[in-house]
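Structure first, then comments.
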């Protein structure tokens with residue numbers, strides 16, 4: 001299996017690599033053996049507790065955030081949870097540890113990953129200016145407005161053992 | 001005002017709130033109003049109808065009422081980080097006063113400035129930050145340059161020249177076979 | 001010329017005003033929407049301004065000197081805010097510093113009140129602080145030992161010392177609203193007084209709700225202070241290579257061999273060397289540095305980090321609701337670095353003795 005690291009191939013081109021590599025079909029689903037061996041590796045890492053600090057990519061209201069425990073993220077505009085609420089971020093697009101990354105297609109299963117967060121602050125933004133000027137038309141608008149903001153603190157990211165007949169894409 | 005004169009800052013979490021447990025950051029709120037003036041009418045209504053509910057819901061916030069003669073109504077919020085904010089509420093009706101009080105309750109007390117990023121992390125990388133030596137062979141440290149090994153062009157697949165030559169071969173072979181047919 | 005003089009005057013005035021603003025209550029609170037003043041007020045305002053400058057900034061005053069202050073309410077809200085049911089008497093006692101009791105006694109002596117006939121029923125917080133201090137130290141060490149089972153005992157005690165420092169504890173105490181409630185002689189409140197009060201609050205909580213609840217309090221408010229801090233920096237390790245040699249020899253592996261991996265810009269100010277440490281031809285760790293010696297030391301430190309499993313990408317601390325299910329082994333004692341080095345030297349000296357005798 002050739003390296004699929006983008007930075008690797010790019011730098012190696014600069015360093016005098018010639019030739020056109022044949023595009024390799026890298027879809028783990030197509031290779032059942034690879035799939036099982038990779039998920040076995042990840043399972044043993046999780047069992048031994050050698051996954052290090054886990055990170056996840058969560059999807060909240062149209063924005064993707066890369067989070068790790070103890071992080072703060074800001075959600076813009078209206079967000080129903082109140083301060084002090086403990087919530088679970090359901091839409092997890094990817095999760096990773098020291099030597100593995102799991103990517104969903106597009107989301108990871110709810111039974112595999114659990115990302116918990118606490119709402120710590122609900123506030124308003126600084127004054128923002130909305131200024132429109134059209135010349136020669138005597139048109140001018142000047143507005144100051146403030147948007148709502150919600151701060152979330154990530155409490156924990158947990159990954160369960162992968163089922164052997166895994167549907168998501170796994171990559172190590 | 002130019003853009004860089006506007007103060008900006010990163011997102012902050014006062015005393016890592018919410019990591020252990022959540023603590024409401026508003027410690028004290030003072031409602032200041034006039035007992036007789038019309039300007040404080042809505043504030044008086046708020047105190048009469050809504051304040052008790054607020055105090056029952058938030059036992060951790062100390063509420064004070066401070067009547068001041070012939071002065072506009074205002075709210076003073078004091079936060080756990082030591083900051084104190086005064087908000088004038090003259091001309092604000094009861095629902096709006098409720099909203100501003102709720103705004104003070106849900107805040108962390110950090111001064112509101114423009115935000116540089118919408119997230120903050122203490123550990124930016126788990127799998128390691130890229131550096132120029134990450135994929136480099138450590139044998140390079142011991143070799144003297146120019147070296148033949150590391151100056152060589154690595155051929156990983158077919159080059160453009162190979163492709164052209166192949167095409168030429170194909171064409172020439174087909175031509176030769178054609179001529180053979182014609183000759184026959 | 002005149003214009004520039006006026007500008008300087010205006011600028012200096014503004015600067016002084018800014019200096020006064022956070023301190024002077026009157027200036028900060030003016031809700032005056034007037035943008036200008038009449039020219040006949042000029043002399044008066046200037047005079048007032050000069051007087052203000054002469055008097056200087058306002059003295060910092062205790063929060064309790066303001067009209068909107070009710071100590072009973074504040075004490076009640078303190079417990080409610082943190083979600084704990086304190087015993088009111090012991091919580092009140094936790095906020096009384098020794099200096100305040102002494103001050104009260106002096107006051108009574110000045111007034112000629114006999115302390116024996118009218119006893120001063122006021123206990124200071126030193127007993128509570130002592131019990132809180134003991135509980136905090138014990139719990140922090142037990143928690144750290146269980147979370148970092150491979151960390152050396154020396155490192156654990158230095159992390160614990162960092163958390164128990166006056167600076168850390170006073171930062172926590174002031175952000176929990178203790179500063180306004182403390183009864184003490186000095187004002188502004190000293191960090192040492194704040195830290196003693198925080199320990200006393202923990203002691204009061206232990207008295208009211210038991211050890212478990214007090215430990216949860218410590219876990220929720222003290223341990224998050226480690227977030228974003230380098231644990232390995234807190235332990236002053238002077239000879240990482242010596243420790244690494246001892247560790248490798250005791251585990252029966254080969255001696256550490258530092259090797260240069262990469263270098264760049266070696267004859268410039270921005271020189272960079274990457275040194276890797278090998279043992280039995282296996283790469284243990286690698287680190288960069290400005291010189292080869294620095295890089296070697298950093299690589300040794302990196303190896304010690306790996307042994308203690310406190311690399312930068314280590315798992316986060318177990319805090320919050322997840323931590324309630326933690327089962328801590330209270331009798332656990334980690335390996336000590338000093339012990340390891342001593343054992344290594346005893347072994348090596350024993351070997352050399354046997355070689356010389358044979």
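Key figures
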{"item": "Residues of region A:117-147 classified as at pLDDT below 95, outside any loop (DSSP other than H, G, I, E, B) and surrounded by 11 or more Cβ atoms within 10 Å (Cβ to Cβ), total", "result": "1"}
{"item": "Search result, residues across region C:179-191 that are under 16 Å from residue C:126 (Cβ atoms) and touching a residue at least 24 places away in the same chain (Cβ under 8 Å)", "result": "C:182, C:183, C:184, C:185"}
{"item": "Set B:113, B:86, B:101: member being in contact with a strand residue (DSSP E or B) (Cβ under 7 Å, 6 or more places away or on another chain), surrounded by fewer than 16 Cβ atoms within 10 Å (Cβ to Cβ) and touching a residue at least 60 places away in the same chain (Cβ under 8 Å)", "result": "B:113"}
{"item": "Qualifying positions in region A:58-97 - under 29 Å from residue A:48 (Cα atoms) and at the interface with chain B (Cβ under 7 Å from one of its Cβ atoms)", "result": "A:65, A:68, A:70, A:71, A:72, A:96, A:97"}
{"item": "Count - residues of region A:46-62 that are touching a helix residue (DSSP H, G or I) at 6+ places or on another chain (Cβ under 8 Å) and loosely packed, with under 13 Cβ neighbours inside 10 Å", "result": "0"}
{"item": "Hits in region B:31-57 - residues which are in contact with a strand residue (DSSP E or B) (Cβ under 8 Å, 6 or more places away or on another chain) and either crowded, with 17+ Cβ neighbours inside 10 Å or more than 12 Å from chain C (Cβ to nearest Cβ) (or both)", "result": "B:31, B:32, B:33, B:34, B:35, B:40, B:43, B:44, B:46, B:47, B:51, B:54"}
{"item": "Among the candidates A:17, A:113, A:95, residue that is at pLDDT 95 or above and touching a strand residue (DSSP E or B) at 6+ places or on another chain (Cβ under 6 Å)", "result": "A:95"}
{"item": "Residue count for region C:208-231, restricted to those that are away from chain B (no Cβ under 13 Å) and either in contact with a strand residue (DSSP E or B) (Cβ under 8 Å, 6 or more places away or on another chain) or surrounded by fewer than 20 Cβ atoms within 10 Å (Cβ to Cβ) (or both)", "result": "5"}
{"item": "The one condition in (1) at the interface with another protein chain (Cβ under 7 Å from one of its Cβ atoms); (2) more than 30 Å from residue A:95 (Cβ to Cβ); (3) crowded, with 19+ Cβ neighbours inside 10 Å that residue B:77 fails to fulfil", "result": "(1)"}
{"item": "Enumeration of residues in region B:8-21 that are facing another protein chain (nearest Cβ under 7 Å) and within 20 Å of the chain's Cα centre (by Cα)", "result": "B:11, B:13, B:14, B:15, B:16, B:17, B:18, B:19"}
{"item": "Any chance residue C:81 is surrounded by 19 or more Cβ atoms within 10 Å (Cβ to Cβ) and part of a helix (DSSP H, G or I)", "result": "yes"}
{"item": "Failed item, numbered, when residue B:60 is tested on (1) touching a helix residue (DSSP H, G or I) at 6+ places or on another chain (Cβ under 7 Å); (2) more than 13 Å from residue C:81 (Cβ to Cβ)", "result": "(2)"}
{"item": "Sole residue being surrounded by 12 or more Cβ atoms within 10 Å (Cβ to Cβ), more than 14 Å from chain B (Cβ to nearest Cβ) and touching a strand residue (DSSP E or B) at 6+ places or on another chain (Cβ under 7 Å), chosen from C:133, C:161, C:124", "result": "C:124"}
{"item": "Subset of region B:120-137 that is more than 7 Å from every other protein chain (Cβ to nearest Cβ) and exposed (fewer than 13 other Cβ atoms within 10 Å of the Cβ) - its residue that is nearest to residue A:99 (Cα to Cα)", "result": "B:128"}
{"item": "Tally, over region B:143-155, of residues that are out of contact with any strand residue (DSSP E or B) (no Cβ under 6 Å at 6 or more places or on another chain) and facing another protein chain (nearest Cβ under 8 Å)", "result": "2"}
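Yes or no, residue by residue, for (1) assigned by TED's automatic domain parsing to the domain that holds residue B:63; (2) under 30 Å from residue A:125 (Cβ atoms):
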{"residue": "B:108", "(1), (2)": "yes, yes"}
{"residue": "B:119", "(1), (2)": "no, yes"}
{"residue": "B:129", "(1), (2)": "no, no"}
{"residue": "B:133", "(1), (2)": "no, no"}
{"residue": "B:142", "(1), (2)": "no, no"}
{"residue": "B:153", "(1), (2)": "no, no"}
{"residue": "B:156", "(1), (2)": "no, no"}
{"residue": "B:161", "(1), (2)": "no, no"}
{"residue": "B:165", "(1), (2)": "no, no"}
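The values are calculated or read from the model by the stated rules, or taken from the named source; none is laboratory data. In this text the structure is predicted, and so the values were computed from the model without any measurement. In this analysis, Cβ positions are derived from the backbone assuming ideal geometry, glycine residues included, and neighbour counts consider all displayed protein chains.
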